[in-house]
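To start, the structure itself, in structure tokens.
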Amino acid sequence: MEDRMDKIVTRGQVIELVSRFGIDTDWDSVHGEKLQEEVINLPREELGRRFTAFVNNGCRLVVKEPGTVVIDRSRPFDPVKFFGYGWKHVEMDMRAHELTEIDIRGLQFKSGLLENENVISGAVKLERLMAMPEICLDAKFGQTSFEATGQPYLRFIYDHFGISWFELCGTKLVDLVGNEFFLVLYRLRSG
């Protein structure tokens, strides 16, 4: 019974939430007609269900299935803009470069490791992954996912696949002194 008591919302918590919602929301940036049509006009049960889910998720928006990442190939990945002076890409998986839309629900995350291996070099990893029939995603996919407002694609990958970091082996990068790299997207703490 104590566990149930710990989960009960107090009257003070409700008053605090309603007060902060009313005062702290930037109401000047909310579209009035859209608010009326898409929120206020909802049946009370549906609005309550949605708001309950929102509060239970820490008032964070979650996109359950963002679907397809659309990649603008007319603006190629620019390693100098992304990393700084001296960076360039030297090799690309042209199959990845041809993709303009990627359904992230069907992604597969492969390490290139064989059974009983914990670590391999980047060169061996690239060789193994490129030998597979699957396409290695490129740095432009990573840039598009990273720069998307709210990062819904990366959040989906973390929430649904449990992936907190991945390498984009479809683009081999070289720094100013000639060291070779792949773009890696790594989730820090909460996002």
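The table for this structure:
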{"read-out": "Lone unmet requirement of (1) charged (D, E, K, R); (2) in contact (Cβ under 8 Å) with a residue 24 or more places away in the chain; (3) more than 21 Å from Met92 (Cβ to Cβ) for Lys140", "value": "(3)"}
{"read-out": "Checklist (1) open to solvent by 70 Å² or more (accessible area, probe 1.4 Å); (2) at pLDDT below 85; (3) β-branched (Val, Ile, Thr) applied to Val55, failing item", "value": "(1)"}
{"read-out": "Any chance Arg49 is at pLDDT below 80, open to solvent by 90 Å² or more (accessible area, probe 1.4 Å) and not small (Gly, Ala, Ser)", "value": "yes"}
{"read-out": "Yes/no for Leu154 being closer than 12 Å to Gly122 by Cα, in contact (Cβ under 8 Å) with a residue 24 or more places away in the chain and open to solvent by less than 80 Å² (accessible area, probe 1.4 Å)", "value": "no"}
{"read-out": "Residue that is farthest from Ser111 (Cα to Cα) [pool: residues in region 157-180 that are hydroxyl-bearing (Ser, Thr, Tyr) and under 11 Å from the mean Cα position of the chain (by Cα)]", "value": "Tyr158"}
{"read-out": "Output for region 70-85, where each listed residue is assigned to a loop (DSSP other than H, G, I, E, B), touching a Lys or Arg at 6+ places or on another chain (Cβ under 9 Å) and of a type outside the set (A, V, I, L, M, F, W, C)", "value": "Asp72, Arg73, Arg75, Pro76"}
{"read-out": "Flag for Leu35 being surrounded by 11 or more Cβ atoms within 10 Å (Cβ to Cβ) and outside any loop (DSSP other than H, G, I, E, B)", "value": "yes"}
{"read-out": "Residue ID - least open to solvent (accessible area, probe 1.4 Å), chosen from residues in region 161-191 that are at pLDDT 85 or above and basic (Lys, Arg)", "value": "Lys172"}
{"read-out": "Residue within region 86-94 that is open to solvent by less than 70 Å² (accessible area, probe 1.4 Å), part of a loop (DSSP other than H, G, I, E, B) and at pLDDT 90 or above present", "value": "yes"}
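The values are calculated or read from the model by the stated rules, or taken from the named source; none is laboratory data. It should be emphasised that the depicted structure is a prediction, and the values quoted were computed from it without experimental measurement. Cβ sites come from the backbone with ideal geometry, for glycine too, and all protein chains shown count toward neighbours. For accessibility, only protein heavy atoms count, side chains too; no ligands or nucleic acids. Shrake-Rupley method; radii C 1.70, N 1.55, O 1.52, S 1.80 Å.
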